[in-house]
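Heads up, the thing below is written out as structure tokens.
The values are calculated or read from the model by the stated rules, or taken from the named source; none is laboratory data. For clarity, every value in this text was computed on a predicted model and none was experimentally measured. Quick reminder, even Gly has a Cβ in these numbers, built from the backbone with ideal geometry, and neighbours come from all protein chains shown. Ligands, DNA and RNA are excluded from the accessible area calculation, which covers all protein heavy atoms including side chains. Shrake-Rupley method; radii C 1.70, N 1.55, O 1.52, S 1.80 Å.
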Amino acid sequence: MTHTAVHPGAAPAFRQYDHNPTFYDEMFEGDGSPRQHCSDFFETIRETPPDDLRQIQERVTRSFLHEGITFTVYGDEQTIERVFPIDCLPRIVRGDEWDDVARGLEQRLRALNLFLHDIYHRGHIIRDGVIPAELVYGNKHYRIEMRGVEVPHGAYVSVCGTDLVRTHDGFAVLEDNLRVPSGVSYMLACRDAIKRSMPRLFRRSRVRDVEQYSRLLLETLRSLAPPQVSDPSIVLLTPGVYNSAYYEHAFLARQMGIELVEGRDLLVHNRRVYMRTTAGLRQVDVIYRRIDDDFIDPVTFREDSVLGVPGLFHAYRAGRVVIANAPGTGVADDKAVYAYVPRIIKYYLGEESLIKPIPTTLCREREGLAYTLANLDKLVVKMVGESGGYGMLVGPHASATEQKEFAAALRANPDDYISQPTLALSRAPCLIGAHIEPRHVDLRPFILQSERTEIVPGGLCRVALKKGSLVVNSSQGGGSKDAWIVDVPEAAGPAAAASA
Amino acid sequence: MLARVADNLYWMSRYLERSDQTIRLLGVQVRSVTDNTSAQVAAGWTRLFRSLKVAPPGGDPLYGDQLEDSFLLADAYTLADFMSFERDNPGSMVSLWGMSRENARQARQEITQEMWGQLNRTYLSLRDTQLHFFWNKEPENFYKETSAQIYLFRGVTDNGLRHGLAWDFIRLGRFMERIQVTTEILDNYRPALDDEDTDLDWSLLLRNCASFEPYCRHYTPEIDPWKVMTFLIHEPESPHTLRFAAEEIRNGLGRIDPAGGARHPLQAAHRIAGQLRALLVYGSQDREDLAGTLAEVRRLSRGLHDEIYRRYIFYPADQALPGR
């Protein structure tokens, strides 16, 4: 059933827009009228001929191609470079709503960093029975080697990318990405492309800036350097050109003016880390690593890693070099630990979680398993330790056979699964062909934490471009769009009246 | 700068220079079809493949003269296509651009957005081009326009990139490649100097080396084979002569490592660069020494490449400890 609102004078582009009240719509009220903070944007788009919109879309896509913002698909015959799908219509979020979200994100990351410090030291939270020991110590991302290591400013996680979704009840955290979150370059590239293709509309819309991200990231990394080093040498460690996020690594290194190094460019001597330059070896003080824990150091972690640097972890433990994010942060963004985050916040900060959690059922508990199995057709079931949209079942979208197979897997290894209610993810207008149609979206803001916390207003807005799909991951047909945090001018109230 | 990145920039630049040389040779060869005999055209193809050290689709030109007949058999279209768009041929124009671009991709943090944009855009358009799009119209123009894209890249590089180490390695790569390819081109024209019967058009050599106009300014448009040869070897002010490249290489090394070229003992790379320059500035310009001079340039420039790598790129770590 569709709920196409027929407005007199509705623009051709919006004619097929499906106003379905089940989902929160980022641009429209329930009655199909544009939200106040989107009205100017809506008017402008409405008056824009669909052909012009398509041209904007093509320009934006072409600028991504020329920039080299592509990912490589390796086929049998030849390798193909594809552009990341980008939608030219921004998602618009009201400034005051954003401010609430930002406070919640800051609170959450502060608590999670305290949690990480605790579990790698005395483990009070476990002794006090707030979280089961096996969830922490039995977690495959728990790094015993990190025990007792002092991390500058307690910032285990200094770069975080939290996935937020919105429903009729407001924003909720879907997932904390505390290891090597990516996507920030797409946020910046998207912004750059959109600014160029709709400059006047952009200026009128009072969008908050995101361009300072690279500067803030550099400041964050600087503040992590060992105190005795006055002018720290900072590098970004990438797995190399074949990694799907290589564009981002090169982009950030260029923006920050730091070296982009691979494992083979670094070596450890006498517990100091050096990079090979054309003028000999040069010591490195801070490593912003974009490779997983497992691959950092073949001596300490996976011995078959060719991406890492032998001896790096020893230099790290000796305090001669800083690695950001610290190894072992994955334990805190685990899908089972997620269920405990409100309690973690309460335990360390004595505060209620400002962002509402999604009710999460642990299948490791007997009642949890029974409840999940009984409601498989209504729930989203996720595999603990998986990411990228893999290993999950979206109950309402799954066939009976799929549900049956998943139930068997669930019974076999209940510890590996959690379940959550299927959320009615919000939708935002997207240009699909010549029409504008709603698609499900999420939002990944980026949070930087060391001495202080910085959050750039905005984030990577991911879109499930397939109709009806809830999966926004780029590996599974997702795209992205710009996210505008806009400050709405005060409505004509008493002040305006007085001055009139 | 990271040694690995210097390596990437150096090769980005070498591949691009090689592509430039290939494009120019192809442009000249395609043009020569209009006013030369078929024997001359065939000889032109032979020189082209030998200069670029690429095996033509019919066989290897480095072994045996009997293969020259194959150029008469294969038509110009096939040979031009092979050297322009054949992906299985690592020496084709599009392959060379691809290699240059891959190296640039791995050195993205050192080059400007405009440099990358120019390289990437041109590559994408070459990738989607086919010979038959323009072959029957104006093939020479296509090669000229592609060449212009390389000049544009160099302009963007010289005017946008800081003239620091990255720029030095890019420039070094360009002139190292230029001196080597030009030496091969000259060596393939050399036998014609002694051939009484030849009716070779020596202006083609000047055009191959982008030096027709500089030559005419220096002498006159009257083309004398020996003057052409010595001009392309010893003239100091035209950017495509061996002498010019040798000066650039020596100056570049001086900027990359000022101490290595000034303090005792001199670095091996600096010594070789000095020898190369001395040979081209002060060396013999007698006719009987020509073959020896070209062989020596070839030997020195190869040795120079090896020494640059030994000193600045793949040095043993224990010799470089410690430093900040």
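Structural remarks
- Unmet requirement for B:L124, which otherwise passes all of (1) modelled with pLDDT of 90 or more; (2) under 19 Å from the mean Cα position of the chain (by Cα): (2)
- Counting only residues that are crowded, with 19+ Cβ neighbours inside 10 Å, free of Cβ contacts under 8 Å to residues at least 40 places away in the same chain and more than 8 Å from chain B (Cβ to nearest Cβ), the range A:254-290 holds 0 of them.
- Listed by position, the strands (runs of 3 or more DSSP E) contained in the range A:30-134 that have at least 1 residues being without any contact (Cβ under 8 Å) to a residue 12 or more places away in the chain are A:70-74, A:79-83.
- Residue match in the range A:317-331 (condition: buried (at least 20 other Cβ atoms within 10 Å of the Cβ), touching a helix residue (DSSP H, G or I) at 6+ places or on another chain (Cβ under 6 Å) and farther than 30 Å from A:I234 by Cβ): no
- Flag: A:L114 does not match the condition of being hydrophobic (A, V, I, L, M, F, W, C), more than 25 Å from A:D415 (Cα to Cα), open to solvent by 40 Å² or more (accessible area, probe 1.4 Å) and modelled with pLDDT under 90.
- In the range B:59-80, residue farthest from the chain's Cα centre (by Cα) [restricted to those that are modelled with pLDDT of 65 or more and open to solvent by 50 Å² or more (accessible area, probe 1.4 Å)]: B:D75
- Scanning the range B:251-267 for residues that are in a loop (DSSP other than H, G, I, E, B) and within 14 Å of chain A (Cβ to nearest Cβ), we see that the one that is farthest from B:L304 (Cα to Cα) is B:P258.
- Any chance B:T157 is over 20 Å from A:L65 (Cα atoms) and either of a type outside the set (A, V, I, L, M, F, W, C) or within 14 Å of chain A (Cβ to nearest Cβ) (or both): yes
- Across the range A:462-473, a minimum of one residue is classified as part of a loop (DSSP other than H, G, I, E, B) and of a type in the set (K, R).
- Within the range B:1-53, considering residues that are of a type in the set (S, T, Y), under 30 Å from A:R282 (Cα atoms) and away from every other protein chain (no Cβ under 14 Å), the one surrounded by the fewest Cβ atoms within 10 Å (Cβ to Cβ): B:Y15
- When we screen A:V229, A:V268 for residues that are assigned to a strand (DSSP E or B) and at negative phi, the only hit is A:V268.
- Subset of the range A:353-369 (residues that are modelled with pLDDT of 90 or more and either closer than 28 Å to A:Q107 by Cα or open to solvent by less than 60 Å² (accessible area, probe 1.4 Å) (or both)): A:S353, A:L354, A:I355, A:I358, A:P359, A:T360, A:T361, A:L362, A:C363, A:G368, A:L369
- For B:F134, the conditions (1) more than 9 Å from chain A (Cβ to nearest Cβ); (2) touching a helix residue (DSSP H, G or I) at 6+ places or on another chain (Cβ under 6 Å); (3) surrounded by 18 or more Cβ atoms within 10 Å (Cβ to Cβ) all hold with the exception of (3).
- Checking each residue in the range B:186-203 for being surrounded by fewer than 22 Cβ atoms within 10 Å (Cβ to Cβ) and under 22 Å from the mean Cα position of the chain (by Cα) picks out B:D187, B:N188, B:Y189, B:R190, B:P191, B:A192, B:D201, B:W202, B:S203.
- If you go through the range A:202-236 and keep only what is aliphatic (A, V, I, L, M) and touching a residue at least 60 places away in the same chain (Cβ under 8 Å), you end up with A:V207, A:V210, A:L216, A:L217, A:L221, A:L224, A:A225.
- Qualifying residue in the range A:449-460 (condition: assigned to a loop (DSSP other than H, G, I, E, B) and of a type in the set (S, T, N, Q)): yes
- Of residues in the range A:37-69 being more than 14 Å from chain B (Cβ to nearest Cβ) and among the hydroxyl-bearing types (S, T, Y), the one farthest from A:G95 (Cα to Cα): A:T48
- For the range A:431-438, the criterion of being touching a residue at least 12 places away in the same chain (Cβ under 8 Å), among the acidic types (D, E), open to solvent by 20 Å² or more (accessible area, probe 1.4 Å) and part of a strand (DSSP E or B) is met by at least one residue.
- Matching residues, the range B:280-324, being within 14 Å of chain A (Cβ to nearest Cβ) and either part of a helix (DSSP H, G or I) or polar (S, T, N, Q) (or both): B:E307, B:I308, B:Y309, B:R310, B:R311, B:Y312, B:I313, B:A317, B:D318, B:Q319
- Any hit, the range A:456-469, residues being under 18 Å from the mean Cα position of the chain (by Cα), open to solvent by 40 Å² or more (accessible area, probe 1.4 Å) and closer than 25 Å to A:P357 by Cβ: no
- Residue check for A:E211: open to solvent by 10 Å² or more (accessible area, probe 1.4 Å), outside any loop (DSSP other than H, G, I, E, B) and either touching a strand residue (DSSP E or B) at 6+ places or on another chain (Cβ under 9 Å) or within 22 Å of A:Q449 (Cβ to Cβ) (or both): no
- Filter result for B:Q180 (modelled with pLDDT under 95, of a type outside the set (K, R) and under 29 Å from B:R302 (Cα atoms)): no
- For the range A:177-185, the count of residues that are more than 11 Å from chain B (Cβ to nearest Cβ), open to solvent by 10 Å² or more (accessible area, probe 1.4 Å), basic (K, R) and not in a loop (DSSP other than H, G, I, E, B) is zero.
- Of the residues contained in the range A:226-245, one or more are found to be open to solvent by less than 20 Å² (accessible area, probe 1.4 Å) and touching a Ser or Thr at 6+ places or on another chain (Cβ under 6 Å).
- Once the range A:232-253 is narrowed to residues that are outside any loop (DSSP other than H, G, I, E, B) and farther than 16 Å from A:S182 by Cα, the residue that is farthest from the other protein chains (Cβ to nearest Cβ) is A:I234.
- Among (1) of a type outside the set (D, E); (2) open to solvent by 10 Å² or more (accessible area, probe 1.4 Å); (3) closer than 27 Å to A:I323 by Cα; (4) at pLDDT 95 or above, the one test that A:S158 misses: (2)
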